[in-house]
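Notes to accompany the following structure.
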Amino acid sequence: MSFLAKYMGQRVKRTEDPRLIQGIGHYVDDIKLADTLHVVILRSQYAHAKINSIDTSAAKNAPGIVAVYTGADIAGKIGNIPCAGALPGLKVPPMAVLAQGKVVYVGHPVAAVVATDKYKAKDAADLIEVDYEPLDVISDGEAAAQADSPVIHEEFGDNIAFVHSAGSGDVDAAFATADKIVTQRLNHQRLAPISIEPRGVLAQYFKGEGQLNLWSSTQIPHLMRTQVAIQLGIAENKVRVVTPEVGGGFGCKLNVYAEEALLGWVSMQLNKPVKWIEGRRENLQCTIHGRSQVGTVEVAVKNDGTLLGLRYNVIADLGAYHQLLTPAIPTLTGLMLAGCYKIPAIQMNCTGVFTNKMATDAYRGAGRPEATYLVERIMDRVAQELGMDPIALRQKNFIQADEFPYTTACGVTYDSGDYEAALAKAMDIVDYKKLREEQAAARAVGRVMGIGVSTYVEICGMGPSGAMPAGGWESATVRVEPTGKVTVLTGISPHGQGEETSFAQIVGDMLGVDMNDVLVIHGDTSIVQYGIGTFGSRGLAVGGAALVCATEKVVKKAKTLAAHLLGTDADSLSFENGKFVGAPDDKVLTIQEVALAAHTAASIPEDFEPGLSAQHFFEPKNFTYPSGTHICVVEIDKDTGDIDIKRYVAVDDCGNQINPLIVQGQVHGGIAQGLAQALFEEVVYDENGQLITGELMDYAVPKAFQVPHYELDHAVTPTPVNPLGAKGVGEAGTIGSTPSIANAVIDALAPFGVQHIDLPLRPEKVWRAMNA
Amino acid sequence: MIPANFEYHAPTTVDEAIGLLAQHGEDCKVLAGGHSLIPAMKLRLTQIPVLVDIGKIGDLSYIKVDGGTISIGAMTTHGAIASSDEVKQHCPLLAECGGQVGDQQVRNRGTLGGSLVHADPAADWPAAILALNAEVVLKSANGERVVKASDFFVDMLTTDVQPGELLTEIRVSVPAQPKASAYLKVAQAASGFAVVGIAAQLEMDGDTCKSISIGVTGLAPKAYRASSVEAALAGATLDDASVSAAAAKADADASDAMGDIHASEDYRRHLARVYAKRAVQAAAAKA
Ligand SMILES: Cc1cc2nc3c(=O)[nH]c(=O)nc-3n(C[C@H](O)[C@H](O)[C@H](O)COP(=O)(O)OP(=O)(O)OC[C@H]3O[C@@H](n4cnc5c(N)ncnc54)[C@H](O)[C@@H]3O)c2cc1C
């Protein structure tokens, strides 16, 4: 494939943006159907309680109320919320769409009120009387693992959902022969993904046809269709899931929640469209959270800095239930514990525990930010212990460019990489040597300045089906219409990533057509062939690869017809800039002319199928492994602990870039979220399981004025895994940034004897560390 | 995030508004920019049967300078105050404070009057209003009264405004030559509200501080004047040592200290001291 063509490799502005910026796109809540009823869900205010009784009589008699449903009404009628994560011995507590006699987290759905408008529904929900009998609350992951802890799901006898081990190599020998062992306890705080558009569902049942339409703000329309059909016991092809505009997901919409099946069922009961739009408070309480691991990492190292082994014992606080991928997330951490380094022996022991909180699941990076943070943090600790420069330590242990494909002790095979290349660029941009001199000078006059580096590699382009819970391939259909317009049906479900643009760029170049003639359709299960969806930075690496293969098939088919029409054989033709050339007498046919001929079919070869379209299902042979270096420079206010980011340099290597403008946008947003994790973002529950950060007035999502100027550059190491050579960049910024900022702050505090501070690095913590 | 039912009125004159307030008494609340009231209603933290929206009253949004007094209509937005040339010229402290309230969207909707009546303990304006010895004009069916800033803030979320009263205007007397001033705050990472905010205004005579007033917000359940700091500095020579020693009393006049996940009580007290010093020095540097 050639790059830097007319569209590919160019900074093409996103064609999605005009409608989104003008506010004229359509999200679920913008879709209005006549006679729609509105659902409000009554949720538990207790983190752990037995439900003795629910009195809905007043609510049922309130004005405008059509129906009120509780757990008893749906028992046996709606299947449980699915968990696709599979681990040996995994305990999966049944999660009904409405609580069955017991609530186990604040926000647990208890009843659904259906009314003619949402105000009446909410008024009536306030009239429902639930007699709760509070139980002991387990809000701390480590406490939940203790033998004497109260148990959340009594049927299991304890709160341990799974014990998972990963890694290979002789770890004990590595530690026995090490010159030094460096140990650090680390907390990865809980975060909330916070999409600007919260979740929402509109369900419409057509009784005569037996057809259920669901509009849902999701990243996985097809997987949702399958799951909801199973939950409701109706044929999968009688369920149509449509995702209109989706205002962000970050992993939180890679899920099937209570509301999809519940609303579908309610619509079937009442034979009317029903709508539920999540409020922000609900969003913080009952949309999945991310991260939430607390553990100890130990590294065995020689005095010259050679890494010998790594051990990570961790408790993953899963929350009260498994959502779709809850138990899978910490296993992703276990795949990436080698980082960019040759570590011969690695072991992770992970205990997943239930607590009285919302479930954790995939949040941008999903398991890999945890791995990168702990590896990059311990690298700095090792450098500190050995008195080595943190970059020199990294370079000493880097997997070298000529060693790929490289299989790590975690059992995964990195596709390609050149870690030195990105590091060298980043060091050059900041002038690393001079920067350290500046730091020495600043320290000499009492200023608190720090430099933090993170050299990361992550696993994405998910992924080979054998390693995925529900298939890792992706699909594309390319159709050249009679007028020469091109329709693409992609199985991915973009929700902000810009594939309507980048896919049009690809097809525009491959077919030699104007990219504005290419329409990319996604997110409607009745229009688009089955697909897996958008998550794990797979849209381009897998979905784009399927698109390339389908487009190649279209070209091949068109060539057959062109040869027929031009009176020559296909091998003598070549396809250049949308034209078939090389025929006798310099006769030429454009792809548009061929498309028309394929549809009129007046003159076609004998075994030629009319029409001009092709489909491809692409199965990736491996994951992709983007990498890069982030360097952060901070200065800390000695009197207050306030952190000022002076410089932020990111050199990312996501392989070939189809649209560098979109790549930069992804990196910008990714760094913002990684920075927020480093500095201020945190879901806080108190010891009663009450959510303290229940609103955006307390839950700190990053805002534009809180992020520094980014100095971006890139390295390019194409992946051999797909025909685009593209690795994916949706999560890299989030994964690479957090440790560079943490390392910078802790580096700044070295003169105070500080070795580590847990995230988020709120000014108060930093100030206390300086004054300890 | 769905409010309870309420009755909605949108009067176009002050008299009409006052009439509605008198008619509905305790059942009724004024709606200004809605940036505090509407979130509270949506969360059903408060249920208000009758809302009187004063946004349609044209003559509540103004900035006038006349005879040594700057008068600002209650509906004037934070943003309008921050960007007003007249305010910058005659009372720069108000412009500096207004420019630090929330973010641009909040500044474009939220009003000075609304912020003062709401009396959030972490709001920015109270610090400046106290430091400036401002006056607040309240109108009701019974007439008009003028309340001093020092009497206006009663407790957390509580002011001297009585049911039936509409805050119409904020007045600050401004000398021909404006006094040197500064407003410095530590913004809470999520909301932007003040973890601590210090407004300082002073007059210098060479190195000597002739007069000084300091308002503190964020630390205590209600904003207060840092009288101990003022007493230590009025008439004193301002240098690093004297300002540090005085600023160490910045929390002395706080009725209590608030603590939450963003900043503990101790840390807030500490920030008040650090920022009192910085605000005084920043103001002095402009004198
Ligand atoms: C995201 C966000 C961030 C914010 N950040 C900050 C910040 O950093 N600093 C800060 O100081 N504030 C901040 N605020 C609050 C904001 O400044 C509000 O606008 C302000 O506190 C209230 O003003 P309002 O005009 O919106 O009043 P409303 O919300 O309409 O009213 C508030 C209260 O005052 C009463 N009221 C209003 N006007 C009058 C009147 N003329 N007479 C009598 N009663 C009246 C109302 O009845 C109500 O009780 C923030 C708000 C938001 C939503």
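Worth a mention:
- When the stretch A:460-490 is filtered for residues that are in a loop (DSSP other than H, G, I, E, B), among the hydrophobic types (A, V, I, L, M, F, W, C) and either in contact with an Asp or Glu (Cβ under 8 Å, 6 or more places away or on another chain) or at pLDDT 95 or above (or both), the ones remaining, listed by number, are A:Met462, A:Trp473.
- Note on the stretch B:49-62: residues that are more than 14 Å from chain A (Cβ to nearest Cβ) and more than 12 Å from the ligand (Cβ to nearest atom) amount to 4.
- Of the residues B:Pro11, B:Pro3, the single one that is within 14 Å of another protein chain (Cβ to nearest Cβ) and either at pLDDT 95 or above or farther than 19 Å from B:Leu60 by Cβ (or both) is B:Pro3.
- Those residues of the stretch A:623-660 which are touching a Phe, Trp or Tyr at 6+ places or on another chain (Cβ under 9 Å), surrounded by fewer than 24 Cβ atoms within 10 Å (Cβ to Cβ) and within 14 Å of chain B (Cβ to nearest Cβ), in sequence order: A:Asp637, A:Lys638, A:Asp639, A:Thr640, A:Asp642
- Count of the stretch B:28-48 residues, restricted to those that are more than 10 Å from the ligand (Cβ to nearest atom), open to solvent by 60 Å² or more (accessible area, probe 1.4 Å) and of a type outside the set (Lys, Arg), is 2.
- Counted residues, the stretch B:49-62 - those being open to solvent by less than 40 Å² (accessible area, probe 1.4 Å) and either among the acidic types (Asp, Glu) or more than 24 Å from B:Arg171 (Cβ to Cβ) (or both): 3
- Filter result for A:Asp713 (more than 14 Å from chain B (Cβ to nearest Cβ), touching a residue at least 60 places away in the same chain (Cβ under 8 Å) and open to solvent by 30 Å² or more (accessible area, probe 1.4 Å)): yes
- Residues (part of a helix (DSSP H, G or I) and hydroxyl-bearing (Ser, Thr, Tyr)) located in the stretch B:149-178: B:Ser150
- Where A:His108 falls short, out of the listed (1) within 22 Å of A:Lys275 (Cβ to Cβ); (2) within 26 Å of the chain's Cα centre (by Cα); (3) open to solvent by 10 Å² or more (accessible area, probe 1.4 Å): (3)
- Hits in the stretch A:41-72 - residues which are among the polar types (S, T, N, Q), buried (at least 20 other Cβ atoms within 10 Å of the Cβ) and under 24 Å from A:Ile138 (Cβ atoms): A:Ser44
- The stretch B:235-287: number of residues that are charged (D, E, K, R) and touching a Gly at 6+ places or on another chain (Cβ under 9 Å): 3
- Reported count of residues in the stretch A:447-465, each being within 22 Å of A:Val721 (Cα to Cα) and among the charged types (D, E, K, R), is 1.
- Flag if B:Ile261 is away from the ligand (no atom under 16 Å from the Cβ) and within 14 Å of another protein chain (Cβ to nearest Cβ): yes
- Residues that are closer than 16 Å to A:Ile645 by Cα and either touching an Asp or Glu at 6+ places or on another chain (Cβ under 7 Å) or more than 14 Å from chain B (Cβ to nearest Cβ) (or both), drawn from the stretch A:742-767: A:Ala742, A:Asn743, A:Ala744, A:Val745, A:Ile746, A:Asp747, A:Ala748, A:Leu749, A:Pro760, A:Pro763
- Criterion violated by A:Ala704 - all others in (1) modelled with pLDDT of 95 or more; (2) within 16 Å of the ligand (Cβ to nearest atom) satisfied: (1)
- Some residue of the stretch A:78-97 being closer than 19 Å to A:Trp276 by Cβ, surrounded by fewer than 20 Cβ atoms within 10 Å (Cβ to Cβ) and in contact with a Phe, Trp or Tyr (Cβ under 7 Å, 6 or more places away or on another chain): no
- Filter pass, A:Asp126 being within 14 Å of chain B (Cβ to nearest Cβ) and open to solvent by 60 Å² or more (accessible area, probe 1.4 Å): yes
- All positions within the stretch B:81-109 that are within 9 Å of the ligand (Cβ to nearest atom), surrounded by fewer than 24 Cβ atoms within 10 Å (Cβ to Cβ) and on the phi < 0 side of the Ramachandran plot: B:Gln100, B:Asp103, B:Gln105, B:Val106, B:Arg107, B:Arg109
- The stretch A:198-211: number of residues that are charged (D, E, K, R) and more than 16 Å from the chain's Cα centre (by Cα): 2
- Condition met for A:Ala426 (touching a strand residue (DSSP E or B) at 6+ places or on another chain (Cβ under 6 Å) and either closer than 18 Å to A:Pro626 by Cα or at pLDDT below 95 (or both)): yes
- The stretch B:115-145, residues that are away from the ligand (no atom under 13 Å from the Cβ), open to solvent by less than 10 Å² (accessible area, probe 1.4 Å) and either without any contact (Cβ under 8 Å) to a residue 40 or more places away in the chain or within 14 Å of chain A (Cβ to nearest Cβ) (or both): B:Ala134
- Residues that are facing chain B (nearest Cβ under 9 Å) and surrounded by fewer than 19 Cβ atoms within 10 Å (Cβ to Cβ), drawn from the stretch A:663-703: A:Val684, A:Ile692, A:Glu695, A:Leu696, A:Met697, A:Val701, A:Lys703
- For B:His78, the conditions (1) within 12 Å of the ligand (Cβ to nearest atom); (2) in contact with a strand residue (DSSP E or B) (Cβ under 7 Å, 6 or more places away or on another chain) are fulfilled apart from (2).
- Residue in the stretch B:146-167 that is under 15 Å from the mean Cα position of the chain (by Cα), buried (at least 20 other Cβ atoms within 10 Å of the Cβ), within 9 Å of the ligand (Cβ to nearest atom) and within 14 Å of chain A (Cβ to nearest Cβ) present: no
- Some residue of the stretch A:611-632 being on the phi < 0 side of the Ramachandran plot and without any contact (Cβ under 8 Å) to a residue 60 or more places away in the chain: no
- Tabulated pairs, the stretch A:510-531, first at positive phi, second assigned to a strand (DSSP E or B) and at pLDDT 95 or above, C-beta under 7 angstrom, 6+ apart or interchain: A:Gly512/A:Lys579; A:Gly523/A:Val242
- The one condition in (1) open to solvent by less than 30 Å² (accessible area, probe 1.4 Å); (2) in a strand (DSSP E or B); (3) of a type in the set (A, V, I, L, M, F, W, C); (4) away from the ligand (no atom under 14 Å from the Cβ) that B:Val65 fails to fulfil: (1)
The values are calculated or read from the model by the stated rules, or taken from the named source; none is laboratory data. As the structure is a prediction and not an experimental result, all values here were calculated from the model. Neighbour counts are summed over all protein chains in view; Cβ atoms, including those assigned to glycine, are modelled from backbone coordinates with ideal geometry. With ligands, DNA and RNA removed, areas are computed over all heavy atoms of the protein, side chains included. Shrake-Rupley method; radii C 1.70, N 1.55, O 1.52, S 1.80 Å.
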